[in-house]
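Asker: Sharing a structure here in structure tokens format.
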Amino acid sequence: MKTLKINLIDKSYPIHIKKGLFHNIGKKLKKIYQGKKIALITDENVYKFYGEQINEILQNEEFHVNTIVVEPGEKSKSIEMLQNVYDKLLDFKITRTDLIIALGGGVVGDLAGFVAATFLRGVPFVQIPTSLLAQIDSSVGGKVAVNLPRGKNLIGNFYHPQVVFIDPDFLKTLDARFLYDGMAEVIKYGCIKDKNLFQKLFNYKTKDNLYEHMEEIIYTCCKIKKEVVENDEKDMGERMLLNFGHTIGHAIEKYFNYEKYTHGEAVAIGMYEITKKSEELGITKKGTIDLMKELLIKYNLHYEMKNVDQEKILEAIGLDKKNVGSKLNIVLLKDIGESFIKLVDKEEIKDYI
Ligand code: GLY
């Protein structure tokens, strides 16, 4: 088993990564949690594959589990869903000494994490991410949030789990589209911090070959995220590098009402479009965009922004929570593995789209 420890001023917690780890989660939890009650939050898709198993695994250790199953998809990160989940926690009489588990992808992790952060002003929680995107990004680093009708993740908090359990075997039941969705974020880590990772991603010839290396890929990404989050937990500086491709990506997701592109697919387009411009402007080393395009195609990702009204994309960027007054922080590459943050006027953003 590979373990990373996130060390923050107020909290430290481990991230355990191992194929087959899921089956030992009950025993591992028993060591860190002395209570009995667990509210397990998951979605219908994950419940279908793992609902019975996780209940059995936890009940074998004599935990009392109440499972809350939400609809899959971004729409569950809503205020209405929050109310619904809080009601179920009240019915189950969850107290601050009990435990909430998030078993699922990014939506479940963000929703359950936000619930844990706010219910009774904070209940301890554990992340068991089941999608690649959640395993390498959203389950690590404490960002939890729900959406408002006018934008994604507009209400949230920094609230860290007690522990993150990552089992790459979960990815075997993940739709290919969502595996590649996560690969967009893997490519992002390569682009912003790790040329070696970026280059290795060209080598995996088949999906099976990719799975064989998945533990190592997840470890590498989580290690980068750990270092970034330890340096800048509250997203005031270096952590913004993780938003490479996200300014345009979030705007594209919103433009298509979160229906046409997954998060990773939109980020892939965002990374490509901004780098195409920055290379034209002489900011990024020549040839970077060709390498990026080749890798995005290899992992079935779109790269060009098509059929959009540029004005509406700019309007969506204007509502992005990363805005600083009339300015906006964007992330650019000097080269693969070398990124930096640039504060630009909102007017100037046109030059990068
Ligand atoms: N997903 C970006 C971050 O955690 O900061």
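Bear in mind these aren't lab numbers, they're just calculated from the coordinates by the rules spelled out. Remember, it's a predicted structure, so these values are computed and weren't measured experimentally. As a convention, Cβ positions derive from the backbone with ideal geometry for all residues, glycine included, and neighbour counts pool all protein chains shown.
Asker: What percent of all Cα-Cα pairs in region 84-215 falls in each 10 Å bin, counting up from 0?
Answerer: Going from the shortest bin to the longest, the percentages are 12, 37, 31, 15, 4, 0.
Asker: What whole number of Å gives the distance from the Cα centroid of region 1-72 to the Cα centroid of region 97-112?
Answerer: So the separation of the two Cα centres works out to 9 Å.
Asker: A follow-up question, please. Once the Cα atoms of helix 214-231 and of the chain are each reduced to a long axis, what angle between those two axes, in degrees from 0 to 90 to the nearest 10, is obtained?
Answerer: Compared with the principal axis, the helix lies near 80 degrees.
Asker: Highest mean first, what order results for 139-150, 198-209 on Cβ atoms within 10 Å? Don't jump to the answer; show the numbers that get you there.
Answerer: Details: 139-150: 20.8, 198-209: 12.9.
Top of the packing list down: 139-150, 198-209.
Asker: When the chain is modelled as a GNM with alpha-carbon springs shorter than 10 Å, which of Lys286, Lys306, Lys88 fluctuates the most?
Answerer: Lys306
Asker: Once you've got the GNM for the chain with C-alpha springs shorter than 10 Å, pick whichever of His246, His302, His64 has the biggest mean-square fluctuation.
Answerer: Result: His64 has the largest fluctuation of those listed.
Asker: Something else now. Assign one of three labels to region 1-123, namely rounded, prolate or oblate, based on the Cα gyration tensor with a ≥ b ≥ c the square roots of its eigenvalues; rounded applies when a/c is under 1.5, prolate when it is not and a/b is larger than b/c, and oblate otherwise. The partial results should precede the final answer.
Answerer: Details: a/c = 1.33, a/b = 1.22, b/c = 1.09.
Rounded is the answer for region 1-123, as its axis ratio a/c remains below 1.5.
Asker: Cβ neighbours within 10 Å, averaged per peptide: list 124-135, 269-280 in order, most packed at the top.
Answerer: Values: 124-135: 26.8, 269-280: 21.9.
Taking the mean over residues of other Cβ atoms within 10 Å, the ranking is 124-135, 269-280.
Asker: Go ahead and estimate [θ] at 222 nm for the chain from helices alone: -39,500 (n - 2.57) per DSSP H run with n ≥ 4, summed, over the residue count, rounded to 500.
Answerer: After summing the helix terms and dividing by the residues of the chain, the value is -13000 deg cm²/dmol.
Asker: Taking every DSSP beta bridge with both residues inside the chain, roughly what % is antiparallel (nearest 5)?
Answerer: Details: 21 of 41 bridges.
The answer is about 50 percent antiparallel.
Asker: Of all DSSP beta bridges in region 10-165, what percent run antiparallel (nearest 5)? Kindly include the intermediate steps, with their values, before the conclusion.
Answerer: Numbers: 5 of 24 bridges.
The antiparallel fraction comes to roughly 20 percent.
Asker: A further question follows. Which ³J(HN,Hα) values in Hz, rounded to whole numbers, follow from the phi angles of region 127-132 under the Karplus curve 6.51 cos²θ - 1.76 cosθ + 1.60, where θ = phi - 60° and Gly and Pro get x?
Answerer: Computed from phi, the couplings for region 127-132 are 9, 10, x, 10, 9, 4 Hz.
Asker: Calculate one ³J(HN,Hα) per residue across region 153-163 by plugging θ = phi - 60° into the Karplus curve 6.51 cos²θ - 1.76 cosθ + 1.60, and present them in order as whole Hz with x for glycine and proline.
Answerer: Listing the rounded values in order: 6, 7, 10, x, 7, 9, 9, 8, x, 6, 6 Hz.
Asker: Can I ask one more? Using the Kirkwood radius built from alpha carbon pairs, what does the Stokes-Einstein equation give as D for the chain at 25 °C and 0.890 mPa s, in µm² per second? Spell out each step's value before the answer.
Answerer: Details: Rh = 20.6 Å.
This corresponds to a translational diffusion coefficient of 119 µm²/s.
Asker: Only four residue types carry charge here, +1 at the Cβ of Lys and Arg and -1 at the Cβ of Asp and Glu. Report the dipole size of the chain about the Cα centre in Debye, rounded to the nearest 20.
Answerer: 740
Asker: Which whole-number percent is the relative contact order of the chain (Cα, under 8 Å, 6+ apart)? Don't skip to the end; give the middle numbers.
Answerer: Values: 635 pairs, mean separation 52.8, N = 353.
This gives 15 percent for the chain.
Asker: Over 19 Å between Cα atoms: which of Lys195/Lys293; Lys18/Lys188; Lys205/Lys293; Lys188/Lys277; Lys205/Lys226; Lys286/Lys334 fall into that group? Walk me through the numbers on the way to the answer.
Answerer: Working: Lys195/Lys293 15 Å; Lys18/Lys188 23 Å; Lys205/Lys293 17 Å; Lys188/Lys277 17 Å; Lys205/Lys226 29 Å; Lys286/Lys334 10 Å.
Violating the 19 Å Cα-Cα cut-off are Lys18/Lys188; Lys205/Lys226.
Asker: Would you report the distance distribution of C-alpha pairs in region 214-353 as whole percents per 10 angstrom bin, up to the bin with the largest distance?
Answerer: Pair shares across the bins are 12, 41, 39, 9, 0.
Asker: Mind pulling the angle between the C-alpha long axis of helix 44-59 and the longest principal axis of the chain? Nearest 10 degrees, somewhere in 0 to 90.
Answerer: 40
Asker: Among Ile297, Ile101, Ile136, which comes first, second and so on when ranked by fewest other beta-carbon atoms within 10 Å? Let's see the in-between values first.
Answerer: Numbers: Ile297 12, Ile101 28, Ile136 25.
In increasing order of surrounding Cβ atoms, one gets Ile297, Ile136, Ile101.
Asker: Give me the percent relative contact order of region 65-133, please, defined on Cα pairs under 8 angstrom at least 6 residues apart. Numbers along the way, then the final one.
Answerer: Working: 76 pairs, mean separation 23.0, N = 69.
33 percent.
Asker: Further question on the same structure: Pop out the ³J(HN,Hα) list for region 259-273 in order, Karplus 6.51 cos²θ - 1.76 cosθ + 1.60 with θ = phi - 60°, rounded to Hz; leave Gly and Pro as x.
Answerer: 10, 7, 10, 6, 4, x, 4, 5, 5, 4, 5, x, 5, 5, 4
Asker: Same structure again: In degrees from 0 to 90, rounded to the nearest 10, what is the angle of the helix 288-298 Cα long axis to the longest principal axis of the chain?
Answerer: With both axes taken from Cα atoms, the answer is about 50 degrees.
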